[in-house]
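The values are calculated or read from the model by the stated rules, or taken from the named source; none is laboratory data. From a predicted model like this one, the values you see are computed outputs, not experimental measurements. Here Cβ is always computed from backbone atoms with ideal geometry, including for glycine, and neighbour counts include all displayed protein chains. Accessible surface areas use protein heavy atoms only, side chains included; no ligands, DNA or RNA. Shrake-Rupley method; radii C 1.70, N 1.55, O 1.52, S 1.80 Å.
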Amino acid sequence: MTKFTRTLLASAVAGAAFLLPAQAEVVSYQAEPTHSYVRATYTHLGLSHQGLEFPAISGTFDIDLEDPEASVIDVTIDMLSLDTNTGGEEFYTELSSSDFFNFEEFSIAHFVATELSVSEEDDTKGTMTGDLTIHGVTQPVTFDVTLNFQGDHPMMGVPALGVSASGEILRSDFGVGAFVPYVSDEVELNIQLELIVPAE
């Protein structure tokens, strides 16, 4: 191989490398527990909209904002953290029973994202589809997602993301169908996440 040929080959390889997409930059975040939760809203007897909150969220949030498909989201929700708001201990006991969530057998919910996409019109909005497991039953669900914030946390000074997501499920699809339709089958899920990179 002549020096000229070697030079051409090296130039071609360098040019091809330049055309390849940059290495994905994945950042590992954790849910900041004080300001992260899942809220489930339903209709009670047609009289009012009620809500339950699950604030104990943990798992993997490996996020690449430049290439969302490279992100890994694998989330566990501690069902025992249920906050019934105005329901009190009696309502908590009812929801934890085998008539509803059956916490004795199914104390966690689990979500694994399988597809993330960003809107072409607004790069702060997109969708996230994945497998949601509640009450031991797994169903696909799609959430509308909004990126509220990206940057350093105003108080902690660490990298942070603010994310909101919403979607709807039928609770009967997960084997939690007691008192349908008097208590609505349709449940709106609203997720608020403050994600941070913990300080070392």
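Does Phe103 meet the test of being touching a residue at least 24 places away in the same chain (Cβ under 8 Å), part of a loop (DSSP other than H, G, I, E, B) and either closer than 30 Å to Phe179 by Cα or not β-branched (Val, Ile, Thr) (or both)?
When the stated conditions are applied, Phe103 passes them.
Among the residues of segment 137-190, which ones are of a type in the set (A, V, I, L, M) and over 20 Å from Asp64 (Cα atoms)? Before you say what the answer is, go through the steps one by one.
So the first thing to find is which residues in segment 137-190 are of a type in the set (A, V, I, L, M), and the list is 137, 141, 145, 147, 155-156, 158, 160-161, 163, 165, 169-170, 176, 178, 180, 183, 187, 189.
Passing the criteria: Val137, Val141, Met155, Met156, Ile169, Leu170, Val176, Ala178, Val180, Val183, Val187, Leu189.
Is there any pair linking a residue in segment 118-137 that is over 19 Å from Ile63 (Cα atoms) to one that is polar (S, T, N, Q) and open to solvent by less than 40 Å² (accessible area, probe 1.4 Å), with Cβ under 7 Å and at least six apart or on different chains, and which?
Partner pairs satisfying both residue conditions: His135/Asn102.
From (1) farther than 22 Å from Gly126 by Cβ; (2) buried (at least 17 other Cβ atoms within 10 Å of the Cβ), pick out the condition that doesn't hold for Val38.
(1)
Being at pLDDT below 90 and over 19 Å from Val187 (Cα atoms): is that true of Ala113 here?
Answer is no for this residue.
Being within 14 Å of the chain's Cα centre (by Cα) and under 22 Å from Glu168 (Cα atoms) narrows it down to one of Thr114, Thr84, Thr41, so name that one.
Numbers: Thr84 fails: within 14 Å of the chain's Cα centre (by Cα); Thr41 fails: within 14 Å of the chain's Cα centre (by Cα).
Being within 14 Å of the chain's Cα centre (by Cα) and under 22 Å from Glu168 (Cα atoms) holds for just one of Thr114, Thr84, Thr41, which is Thr114.
Only residues that are over 15 Å from Phe91 (Cβ atoms) and more than 14 Å from the chain's Cα centre (by Cα): list them for segment 44-55, please.
Result: Gly46, Leu47, His49.
Within segment 148-169, does at least one residue satisfy the condition of being touching a His at 6+ places or on another chain (Cβ under 9 Å) and among the polar types (S, T, N, Q)?
No, because not a single residue in segment 148-169 is touching a His at 6+ places or on another chain (Cβ under 9 Å) and among the polar types (S, T, N, Q).
Going through Ser107, Ser28, Ser58 one at a time, which residue ends up being farther than 29 Å from Asp122 by Cα and surrounded by fewer than 16 Cβ atoms within 10 Å (Cβ to Cβ)?
From the options Ser107, Ser28, Ser58, the qualifying one is Ser107.
Counting just the residues of segment 168-200 that are within 23 Å of the chain's Cα centre (by Cα) and among the charged types (D, E, K, R), which one comes out farthest from Ala40 (Cα to Cα)?
Ranking the qualifying residues of segment 168-200, first place goes to Glu194.
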